[in-house]
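**Q** Supplied in structure tokens, the structure appears directly below.
The values are calculated or read from the model by the stated rules, or taken from the named source; none is laboratory data. Only a predicted model underlies this, so the values are computations on that prediction, with no experimental measurement involved. Neighbour counts run over all protein chains shown; Cβ positions are idealised from the backbone, glycine included.
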Amino acid sequence: MSHPNYAVHCLDCGKVEPFRLTQTTCSQCGSNWREVHYDLARTKEIFQNSLSERPFNLWRYRELLPIGEYIPYLSMGEGGTPLIHANNLGMMLGCPTLFIKDERQGPTNSFKDRQAAIAIAAMKEAQITEAVLASTGNVAIAYSAYAARAGIKLWAFLTSLVPLEKMREVAIYGTKVVKVTGTYDEAKRLAAEFARQRNLHLERGACSIPSVESMKTLAFEIAEQLPRSLAMSNQAGSLPRWKAPDWYVQAVSGGIGPLGVLKGFTELYQMGLIDRIPRIACIQAEGCAPMVHAWKANKPVADPIQTPKTHIMTLSTGDPGRTYTLLRERMLTLSGGGAFESVSDEDAFRTIHILAKLEGLSTESAAAVAFAGTIKLFRQGVIKPNEIVVVNCTGHTMPVETLVLGDGWATDISTSRSEMETKPQEGLYGALSNLTPEKVRKIVIIDDTEDARRLLRRILQSQGDFVIREAASGITGIQMIKEDPPDVIILDLMMPEMDGFAVLNQLHEYPDLASIPVIVVTAKELTKDEQMLLKGKVKALMHKGKFMSDDLADEILEVIK
């Protein structure tokens, strides 16, 4: 079936022909690398006149998808995920316009639902009844769910390092799971050979036109949601109907996501709906970062990583092939650059805690890689505090793995009757009394900004057991400290009536208060004279937007030893 709104263009010889899913190579040169081009003038007219009447889901943009006809019974509400203002994380990084595209809220809890919805619809349209894919987890889960609805038999080749929870989820949909003891790249080779021998349709990742096209819908949704999100976060007045961020950040394995997102923003720009194409930041796990190595060496081709060394198996594609080359070329020519960066597994696991405790988002480690990379790029000065940033929270509120949480995360309480009878004072109530340490440290926060106090409280609550009191002014803070001296004071400098300098001076008038450790957390860039005024009066100086949650906790633990 061909469609008048789109045609396939070969990236190597330029041959133009109708899109057919069963035709996987260019008929003229045999290239695997082709992409769809659309009638954008016609599409722009439809978007401007009809889009507002459509439900906010993936199929809203059907004129820019390679599907002849929408099949309603296959849909499970894919797309239309929220764009969340990351108020606390943004405050910690000094960026008031940081947003999270929460793809955990798809039907199978990952952004791969977009890919599966379009790919399976295309298979159904092409009357394919059996297909093969290789996956590190999320792709197999999403495809399995949609294949079940479509009545398509699916074979999933999974590396044996994929978490068992994900394997079981793939299997429950009726997919035939083939566990490969080897790398993901080896699983891909075996899947391709199996499909060849059986003459079955193979999901080919970035070479698959429906898969790449599906990822564009992320760009379309972000551009529609961003004006409203900016208005709600009080960052703008009058805004256009569509708006692109300055940065789009995503964790990357094979690279299909950013490749599709960049194509989506490019199409919006070509239609005149947005005024720029955002820069793309691709984040990889350090133990498997072939794209990052190639980017930093200014190489157009990535050298494969033969043996990935990361616990984050979802991101363990060692050979990105031509996907990286295309991404690099388009990032440099279309959006004026971008970034490839890597983070350690430990940084990713640490960021899982930060996201959960500051933003209420429980993510899997692969999604946390994107946020850890965002934090790193802010610290490097690559992303500026005044820029609009959207991070893709790619998926899954998963059962939390021991590797991430570590030991001692819960306290066991036994309500056994025999124990209660033999140890009446040491049973349930005794156990409850042991839930908190014998000595709980007291902290006073003095800051006139409510958001800043809330952020500091959340950071402290996430890092230890503290009794926390808050004062909205220097005067109130001094009175609070006099009434019940704390173990630590966290002090802002810029406050009306009595600023932080005056608070420090008053504290030093009382010998019993002058010895209380003070940590200054301020947005002010101090002059040399101001730094001299603090000398000998504070234990630590931190700048808002430039410290991490555990930096503050480390300072507190250090001063109360």
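**Q** Please pick out the residue among V292, V249, V343 that is in contact with a Phe, Trp or Tyr (Cβ under 7 Å, 6 or more places away or on another chain) and either basic (K, R) or buried (at least 23 other Cβ atoms within 10 Å of the Cβ) (or both).
**A** Result: V292 is the single residue among V292, V249, V343 that is in contact with a Phe, Trp or Tyr (Cβ under 7 Å, 6 or more places away or on another chain) and either basic (K, R) or buried (at least 23 other Cβ atoms within 10 Å of the Cβ) (or both).
**Q** Return yes when S344 is of a type in the set (G, A, S), in contact with a helix residue (DSSP H, G or I) (Cβ under 7 Å, 6 or more places away or on another chain) and modelled with pLDDT of 95 or more and no when it is not.
**A** Here the answer is yes, as S344 does meet what is asked.
**Q** Looking for something assigned to a strand (DSSP E or B) and either farther than 22 Å from S253 by Cα or modelled with pLDDT of 95 or more (or both) - is there at least one such residue anywhere in segment 113-126?
**A** Checked against the condition, which is being assigned to a strand (DSSP E or B) and either farther than 22 Å from S253 by Cα or modelled with pLDDT of 95 or more (or both), segment 113-126 yields no hits at all.
Here is a yes/no grid of residues against (1) loosely packed, with under 13 Cβ neighbours inside 10 Å; (2) more than 24 Å from L218 (Cβ to Cβ); (3) of a type in the set (D, E, K, R); (4) in contact with a strand residue (DSSP E or B) (Cβ under 7 Å, 6 or more places away or on another chain):
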| residue | (1), (2), (3), (4) |
| --- | --- |
| C10 | no, yes, no, yes |
| N49 | yes, no, no, no |
| W59 | no, no, no, no |
| L64 | no, no, no, yes |
| I84 | no, no, no, yes |
| L98 | no, no, no, yes |
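**Q** Collect the residues in segment 127-159 that are out of contact with any Lys or Arg (no Cβ under 8 Å at 6 or more places or on another chain) and in a loop (DSSP other than H, G, I, E, B), keeping them in residue-number order.
**A** Q127, I128, T136, G151
**Q** Right, another one. Kindly indicate the residue of segment 195-216 that is among the hydrophobic types (A, V, I, L, M, F, W, C) and over 24 Å from the mean Cα position of the chain (by Cα) and also surrounded by the most Cβ atoms within 10 Å (Cβ to Cβ) among those meeting that condition.
**A** I209
**Q** Residues of segment 80-105 being under 29 Å from A147 (Cβ atoms) and either part of a helix (DSSP H, G or I) or at pLDDT below 95 (or both), which ones?
**A** Listed by number, the residues that qualify are E103, R104, Q105.
**Q** A219: among the small types (G, A, S), within 20 Å of G337 (Cβ to Cβ) and in a helix (DSSP H, G or I), yes or no? Write out each step before concluding.
**A** On the way: among the small types (G, A, S): yes; within 20 Å of G337 (Cβ to Cβ): yes; in a helix (DSSP H, G or I): yes.
Yes, satisfied.
**Q** Provide a single number: the residues in segment 100-129 that are surrounded by fewer than 21 Cβ atoms within 10 Å (Cβ to Cβ) and aliphatic (A, V, I, L, M).
**A** Adding up the residues that qualify gives 2.
**Q** Pick from segment 439-487 the residues that are among the basic types (K, R) and assigned to a strand (DSSP E or B): which of them is surrounded by the fewest Cβ atoms within 10 Å (Cβ to Cβ)?
**A** My answer is K442.
**Q** Might you check whether a residue that is out of contact with any Lys or Arg (no Cβ under 6 Å at 6 or more places or on another chain), of a type outside the set (V, I, T), part of a loop (DSSP other than H, G, I, E, B) and farther than 30 Å from P227 by Cα occurs anywhere in segment 279-295?
**A** Looking for residues that are out of contact with any Lys or Arg (no Cβ under 6 Å at 6 or more places or on another chain), of a type outside the set (V, I, T), part of a loop (DSSP other than H, G, I, E, B) and farther than 30 Å from P227 by Cα, one finds at least one in segment 279-295, hence yes.
**Q** To continue, here is another question. In the list V162, V170, which residue meets the criterion of being assigned to a helix (DSSP H, G or I) and either buried (at least 24 other Cβ atoms within 10 Å of the Cβ) or in contact with a Phe, Trp or Tyr (Cβ under 9 Å, 6 or more places away or on another chain) (or both)?
**A** Every option except V170 fails the conditions.
**Q** Among the residues of segment 44-59, write down those that are assigned to a helix (DSSP H, G or I) and farther than 14 Å from E213 by Cα. Spell out how you get there, then give the answer.
**A** Restricting attention to segment 44-59, the residues satisfying the condition of being assigned to a helix (DSSP H, G or I) are 44-53, 58-59.
Correct list: K44, E45, I46, F47, Q48, N49, S50, L51, S52, E53.
**Q** In segment 500-531, what residues are touching a Phe, Trp or Tyr at 6+ places or on another chain (Cβ under 8 Å) and either of a type outside the set (D, E, K, R) or modelled with pLDDT of 95 or more (or both)?
**A** Let us first name the residues in segment 500-531 that are touching a Phe, Trp or Tyr at 6+ places or on another chain (Cβ under 8 Å), namely 521, 530.
The one that is touching a Phe, Trp or Tyr at 6+ places or on another chain (Cβ under 8 Å) and either of a type outside the set (D, E, K, R) or modelled with pLDDT of 95 or more (or both): V521.
**Q** For segment 487-495, indicate whether the set of residues that are over 26 Å from T351 (Cα atoms), at pLDDT below 95 and out of contact with any strand residue (DSSP E or B) (no Cβ under 7 Å at 6 or more places or on another chain) is non-empty.
**A** Among the residues of segment 487-495, at least one is over 26 Å from T351 (Cα atoms), at pLDDT below 95 and out of contact with any strand residue (DSSP E or B) (no Cβ under 7 Å at 6 or more places or on another chain), which makes the answer yes.
**Q** Are any residues in segment 316-357 in a loop (DSSP other than H, G, I, E, B) and either within 20 Å of the chain's Cα centre (by Cα) or free of Cβ contacts under 8 Å to residues at least 40 places away in the same chain (or both), and if so, which ones?
**A** Answer for segment 316-357, where residues must be in a loop (DSSP other than H, G, I, E, B) and either within 20 Å of the chain's Cα centre (by Cα) or free of Cβ contacts under 8 Å to residues at least 40 places away in the same chain (or both): S316, T317, S344.
**Q** Does segment 256-266 contain any residue that is touching a residue at least 12 places away in the same chain (Cβ under 8 Å), under 30 Å from T307 (Cα atoms) and assigned to a strand (DSSP E or B)?
**A** Checked against the condition, which is being touching a residue at least 12 places away in the same chain (Cβ under 8 Å), under 30 Å from T307 (Cα atoms) and assigned to a strand (DSSP E or B), segment 256-266 yields no hits at all.
**Q** Tally time: how many residues in segment 117-132 are closer than 28 Å to S365 by Cβ and without any contact (Cβ under 8 Å) to a residue 60 or more places away in the chain?
**A** Residues that pass the stated criteria total 1.
**Q** Please state which of the following conditions V382 fails to meet, knowing it meets all the rest: (1) more than 24 Å from F220 (Cα to Cα); (2) modelled with pLDDT under 95.
**A** Of the numbered conditions (1) more than 24 Å from F220 (Cα to Cα); (2) modelled with pLDDT under 95, the odd one out for V382 is (2).
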